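Report on the structure given below.
The values are calculated or read from the model by the stated rules, or taken from the named source; none is laboratory data. Remember, it's a predicted structure, so these values are computed and weren't measured experimentally. Cβ: placed from backbone, ideal geometry, glycine included. Neighbour counts: every protein chain shown. All accessible areas refer to the heavy atoms of the entire protein, side chains included, with ligands and DNA or RNA removed. Shrake-Rupley method; radii C 1.70, N 1.55, O 1.52, S 1.80 Å.
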Amino acid sequence: LLPQAWQCQIQVVHRMPIFENELLIVMPMALIVKPRAGYVMELMEGLVPLEDLLIQAQEAFNQGNGLQGFVASGGLERRLRLLARLARVMAKVHGLAIAHGDLSPKNVFVSSSHEHAQVWLIDCDNLSYAVRNSSLQLYTPDYGAPELLRGEAGVSTYTDVWSFAVMAFQLLAALHPFKGGEMVDQDSELETPALRGELPWVDHPDDERNRACMGVSRDLVCTPALQELFDRCFRVGVINAEERPVMSEWAEVLEAAAAQQVLCSTASEGCGSTFLWNAALVCPFCDTRHAAGTALRLSHFVVAPLSELGEDAKPPDRWIPTNFHQVIAQQPVELKAAPPGTGNYSESELVATAWIDGDELVVRPASSANVLFQAFGSSKLVPVSRRFSLPRNSVPHALHFGGAAHIHDDWRFKW
């Protein structure tokens, strides 16, 4: 943009509802015209570009150190939580009909501390009201949507989704979803056609021509639901942008994946990363096997009275699985009125807190919460009004968030 037009664009951005909606976007503090157009912005301490995580993991691969960089840069849970947070921020931005326009790892700043998941967007001079399309042809190499590279459309919320998906795949798999495949490896001239969407993405289910032999196995870092979102974006969405998952879908699936993490504790000679829960409690990054009872996975159900299910319903039909899960370990975990992975999880009320203490599962109900415990082999629901501990005996139990006479949420587990 010419300086005058660029200054007008900055004025447009300042009139956008950024502050009143508490969007995590760093705004210009002062404009600079000479020697070239720019602006001064203020960033909080303790933030680094998301690009740093990608570089650290990639350099470890290049040096033959395998997943060392992946683990050292925070491991799996940190990546999932940062991506989930970014997806929530972008969902809020898109909800106001605003597109970022140039989403890339350079323009996303995250907490340098592994214990935090702050996310801020920079490069706000690209913001525009562009739900479907615009005249702006703007993107960072490797992150531009195919329709931008083909010259068929301008930036939009759909191009933001594409950029986010590429970043997410790179952060988790340490691989570009199109450039990282065998076809591009063998012929670098195919890189541009690949970015235009003319080659299959590396995990295409029906076309193996561009399969990848590098990167982190997707089964280690992605739930089936997350793999489905990537496939929908990079296979179906490569031509039809409207088929790409919206940002709220990404946020929910990433939050659900983050809730299923098990810490590979260094106290148990582990690597310090987290891994997706598996029944054997074996960390796939370092092969450390953790003792039974160090982590517990709860499975979420909706329980309905038979009267709500019709004449042909049988007692087992009352338990309706939702396929949401929550892993419990030594650190207290909040159990809310909605499970992680649902749209209203973040705003839902706290019902109980649970954690593992030695060979006991500890549950502490929130004040005034309606929590009931169902022991193995019993149909009786016992009200829980205060903290209680359950010794481990490897049998099924259930926590009900409501009485049997009404539809309510329920967590089932074997402890």
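Observations on the model:
- Put a dot 7 Å past the Cα of residue 388, heading toward its Cβ, do the same for residue 308, and the two dots end up 2.3 nm apart.
- Reach of residue 92 by Cα under 26 Å, taken over lysines that are not fewer than 8 positions away in the same chain: 106, 336
- Here segment 328-348 is scanned for amide nitrogen atoms under 11 Å from the site 7 Å beyond the Cα of residue 319 along Cα-to-Cβ, giving none.
- Helix 51-62 and the longest principal axis of the Cα set of the chain meet at an angle near 80°.
- For peptides 377-383, 266-272, sequence by mean Cβ density within 10 Å, most packed first: 266-272, 377-383
- Average Cα contact separation per residue, the chain, under 8 Å, 6 or more apart, as relative contact order %: 10
- Helix 157-173 vs. the chain, principal-axis angle (Cα, 0 to 90°, nearest 10): 70
- Note on the chain: with charges restricted to the Cβ of Lys and Arg (+1) and Asp and Glu (-1), its dipole about the Cα centre is near 960 debye.
- Counted charge near residue 206, where neighbours are those whose Cβ lies closer than 15 Å (Asp, Glu -1; Lys, Arg +1): -1
- FRET E, pair residue 407, residue 140, Förster distance 45 Å, beta-carbon r, rounded to 0.05: 0.40
- Model label zone, residue 232; criterion: amide N under 17 Å from point 7 Å along Cα-to-beta-carbon; scope segment 169-187: 169
- For segment 82-109, backbone nitrogen atoms closer than 19 Å to the point 7 Å from residue 331 Cα along Cα-to-C-beta are found at 82-86.
- For trypsin sites (Lys or Arg not before Pro), the sites in segment 90-170 that DSSP calls loop and that have at most 15 other Cβ atoms within 10 Å are 106, 132, 150.
- Shown for the chain: the carbon plus sulfur share of the solvent-accessible area, taken with all protein chains present and a 1.4 angstrom probe, equals 50%.
- Sites residue 129 and residue 376 - FRET efficiency at Förster radius 56 Å, r taken between beta-carbons, to 0.05: 0.50
- Annotation: peptides 162-170, 206-214, ranked by per-residue average of other Cβ atoms within 10 Å with the highest first, follow the order 162-170, 206-214.
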